[in-house]
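Down below is the structure, laid out as structure tokens.
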């Protein structure tokens with residue numbers, strides 16, 4: 001490389017280094033300027049705080065430090081610990097954006113002659129600090145505040161700490177059940193939906209249908225999750241003596257949850273416009289608001305949560321399954337070889353027979369899976385069969401003898417409804433229509449495995 005080229009290269013490198021240095025110095029200076037504009041009003045160690053009192057147009061409350069745990073004094077309802085902690089943290093660290101005035105005559109101009117919020121912090125050493133909140137500053141992103149006779153601007157976040165109310169600090173979550181729910185009943189003036197846990201992870205719909213039918217597992221647990229997370233949109237009235245003004249004396253909906261031997265219920269009243277609804281817990285006279293979005297989670301129709309096959313017992317609970325069409329009769333038996341393990345289904349050894357002859361497990365499970373894939377096509381008007389006619393009069397009949405469940409003997413008859421569909425009668429009561437083609441496919445599957 002030629003000597004003059006080396007000199008040029010060195011000059012370029014020196015220029016880059018110099019530029020970086022100048023930029024850093026300017027940044028540090030600017031950073032120092034920004035920092036110098038910030039004025040610390042409250043810079044407190046939370047552990048040294050004894051009590052925080054907040055007063056505003058909506059009331060007053062005090063937060064007490066009890067060995068590092070902050071709680072609201074003199075309340076008889078559940079508070080939100082995280083919200084209280086947020087207030088304590090926010091109050092302990094309040095900075096001013098800038099000093100506005102040291103003249104007390106200016107207080108009225110900034111709304112500080114009649115503050116909209118007051119905060120008094122008592123420290124464990126016996127001293128105290130006070131901050132007063134005035135008008136919103138131009139731009140809407142800050143408030144005027146008075147501290148030790150001077151007017152400052154503080155951030156919108158810090159200002160709103162002095163406008164907190166007890167309602168802001170109340171726990172907005174209601175616990176209806178801890179998790180071992182065994183029954184759910186949703187009633188309106190028009191109808192009732194009742195769900196029962198038949199056994200672990202198996203739910204049935206006991207109402208409104210004539211007989212208990214299987215419910216979709218995933219959809220039931222979506223409902224349960226919603227019931228575990230009851231969210232209060234707003235607090236309306238505590239110790240309400242006249243619930244009729246909220247429509248709660250004649251509920252628009254009631255949800256009863258059973259957990260062990262205990263029952264709790266949510267009672268819903270009038271709508272508040274199109275966005276909310278009044279509600280309360282049974283045995284509690286506090287009235288709350290729930291958002292319409294949350295309320296609609298409980299607008300549940302039975303047919304929407306029914307299992308695709310309304311009667312589908314676990315194989316281990318089946319002693320006998322019989323399929324009859326005309327002169328064709330197929331009797332499947334499920335024999336338990338180690339009955340001592342009947343409470344541990346995963347270890348149960350089973351033997352399968354068809355019309356007395358042993359068949360392979362995969363043959364039975366193939367047939368049973370085909371049965372369980374039956375899908376009811378629609379819900380039809382509840383029709384009660386004349387029980388004097390007896391069972392087994394359908395064009396096709398499927399019967400179960402079970403060793404476990406709410407019903408031990410189940411008779412399913414498929415009565416011609418029209419050219420394409422059967423009416424499906426369960427123990428003499430019909431609520432569903434199912435296509436004839438599905439039943440024909442089931443019979444064909446049985447024949448194919450013989």
Single condition residue 193 does not satisfy, out of (1) touching a residue at least 24 places away in the same chain (Cβ under 8 Å); (2) in contact with a strand residue (DSSP E or B) (Cβ under 7 Å, 6 or more places away or on another chain); (3) exposed (fewer than 15 other Cβ atoms within 10 Å of the Cβ):
(3)
When you check residue 84 against the structure, is it over 24 Å from residue 175 (Cβ atoms) and either surrounded by 12 or more Cβ atoms within 10 Å (Cβ to Cβ) or not assigned by TED's automatic domain parsing to the domain that holds residue 137 (or both), yes or no?
no
Give me the residue from the range 287-315 that is surrounded by fewer than 17 Cβ atoms within 10 Å (Cβ to Cβ) and more than 17 Å from the chain's Cα centre (by Cα) and, out of that set, nearest to residue 232 (Cα to Cα).
301
Have a look at 244, 206 and point out the one that is surrounded by 15 or more Cβ atoms within 10 Å (Cβ to Cβ), assigned by TED's automatic domain parsing to the domain that holds residue 289 and at negative phi.
206
Of the residues in the range 140-173, those that are farther than 26 Å from residue 109 by Cβ and either without any contact (Cβ under 8 Å) to a residue 12 or more places away in the chain or exposed (fewer than 14 other Cβ atoms within 10 Å of the Cβ) (or both) number 2
Residue under evaluation residue 97, criteria (1) surrounded by fewer than 17 Cβ atoms within 10 Å (Cβ to Cβ); (2) in contact with a strand residue (DSSP E or B) (Cβ under 8 Å, 6 or more places away or on another chain); (3) closer than 17 Å to residue 135 by Cβ, criterion not met:
(1)
Residues that are under 30 Å from residue 262 (Cβ atoms), at least 2 per element: which helices (runs of 4 or more DSSP H) completely within the range 73-181 meet that?
81-91, 166-169
Residues that are closer than 19 Å to residue 297 by Cβ, at least 3 per element: which strands (runs of 3 or more DSSP E) completely within the range 233-279 meet that?
253-259, 262-272
Under the condition of being over 19 Å from residue 323 (Cβ atoms) and in contact with a strand residue (DSSP E or B) (Cβ under 8 Å, 6 or more places away or on another chain), which residue from the range 408-420 is modelled with the lowest pLDDT?
417
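The values are calculated or read from the model by the stated rules, or taken from the named source; none is laboratory data. This structure is a prediction, so every number in the text was calculated from the model and none was measured. Cβ: placed from backbone, ideal geometry, glycine included. Neighbour counts: every protein chain shown.
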